[in-house]
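The values are calculated or read from the model by the stated rules, or taken from the named source; none is laboratory data. Since the structure is predicted, the reported quantities are computational estimates derived from the model, not experimental observations. No Cβ is skipped: glycine too gets one built from the backbone with ideal geometry, and neighbour counts run over all protein chains shown.
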Amino acid sequence: MTQTYRTLRVARSDEGVLRVVIDAPPMNLIGPELVRDLVTLLGELESDEDIRVMVLESADPEYFVPHVDLTKVAEYTAEAAKAGGPDDASLGMLWHKLSELPVVTIAKLRGRARGSTGRCPTPNWTLSWPGSRDASRRSPPMPCDPPSGCSTN
């Protein structure tokens, strides 16, 4: 992987692990640049047979990915108009690529990771999958707001 990203720091290990640090200041809101970077990265992972595990974490200790950036609605709408095309970097394409990703994905959560629209938004998808567990020894803050319908199992 030789791609450079504006909102991600990517480090590959010889053991087949790809470490991805989400670094989209000021608080890692899901904005068009982050979505574009993630869609591009996931597209590369689809054909990379050497990577078996992707570990996502946040550069911001207070927030993992708290919410979609609602100030960017016009940009999301423009991306959605490209849906299904070769340049599709919409939220829908991000969710689609994550759902079909051929690698084990681990989210190292600390700080706030919130849900939206009645479910946990990706990359917090691991929180709502059956069998997902918090492996930390500390008591983390509630990762999703209880009304959002998310579960940490």
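Among the residues here, residue 55 does not qualify as modelled with pLDDT of 90 or more, buried (at least 18 other Cβ atoms within 10 Å of the Cβ), under 11 Å from the mean Cα position of the chain (by Cα) and not hydroxyl-bearing (Ser, Thr, Tyr).
Do the conditions hold for residue 39, that is, is it aliphatic (A, V, I, L, M), touching a residue at least 24 places away in the same chain (Cβ under 8 Å) and part of a strand (DSSP E or B)? Spell out how you get there, then give the answer.
Numbers: aliphatic (A, V, I, L, M): yes; touching a residue at least 24 places away in the same chain (Cβ under 8 Å): yes; part of a strand (DSSP E or B): no.
No, not satisfied.
Looking only at segment 58-79, count how many residues are surrounded by 14 or more Cβ atoms within 10 Å (Cβ to Cβ) and more than 17 Å from the chain's Cα centre (by Cα). Going through segment 58-79 one residue at a time, the tally reaches 3.
Regarding residue 11, is this residue part of a strand (DSSP E or B) and either modelled with pLDDT under 95 or small (Gly, Ala, Ser) (or both)?
Yes; evaluated as a whole, the condition is true for this residue.
For segment 123-133, check the following and say yes or no: at least one residue is out of contact with any strand residue (DSSP E or B) (no Cβ under 9 Å at 6 or more places or on another chain), modelled with pLDDT under 85, among the basic types (Lys, Arg) and part of a loop (DSSP other than H, G, I, E, B). Checking segment 123-133: at least one residue is out of contact with any strand residue (DSSP E or B) (no Cβ under 9 Å at 6 or more places or on another chain), modelled with pLDDT under 85, among the basic types (Lys, Arg) and part of a loop (DSSP other than H, G, I, E, B).
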